Amino acid sequence: MRSNKRESQVLAEAGKLGDILPLAHMLAVSGGGDAGTFAAGLIAGWTTHGTRPLFKVVTGISAGALVAPFAFLGSEYDGVIRYVSNAIGPKDIFHSRNVSPAMALRTASHCRDSSQSMSLLRFLQRSHRNTPKDEYC
């Protein structure tokens, strides 16, 4: 509710009065390797076609969570979306530990070391540094 009030105030200050807020475009990006890559291609194609809206809300899970922030930031980040969806693989996210297959089934969440994720996070942080701030963020 506070964000709606804030948006109404910004619009009123810009001289755009009205009882109804403008249409809000929202996007949910699927996860799971191929689905995240498919979504990245779809988003880039949407930009190329010229009909991609500016999103007010974007969310994603798994591979989609890597794509979602850049889909929210806009089409100028399509190159980052392509990189994130094509050049990043499991080796960039975690290292599997040497565990027997039977043990791995029982303790799957404990069989990976996610410290490798830090290099990915540093890349994403560098990509985000010069992002223009949006009043609705």
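The values are calculated or read from the model by the stated rules, or taken from the named source; none is laboratory data. The structure presented is a predicted model; accordingly, all values stated were derived computationally and were not measured. Virtual Cβ from ideal backbone geometry, glycine too; neighbours counted across all protein chains shown. Surface areas here come from the heavy atoms of the whole protein model, side chains and all, with no ligands, DNA or RNA. Shrake-Rupley method; radii C 1.70, N 1.55, O 1.52, S 1.80 Å.
Here are some notes:
- Net charge dipole, the stretch 1-88: roughly 180 debye, given to the nearest 20, about the Cα centre with Cβ charges of +1 for Lys and Arg and -1 for Asp and Glu.
- Efficiency of FRET between Y83 and E7 - r from beta-carbon atoms, R0 30 angstrom, step 0.05: 0.40
- Fraction of accessible area attributable to carbon and sulfur, the stretch 29-68 (%, probe 1.4 Å): 67 percent
- Stretched out straight at 0.36 nm per residue, the stretch from E76 to H25 would grow longer than its current Cα-Cα span by 16.6 nm.
- Karplus-derived HN-Hα couplings along the stretch 69-75 (A = 6.51, B = -1.76, C = 1.60, θ = phi - 60°), whole Hz, x at Gly and Pro: x, 7, 5, 5, 5, x, 5
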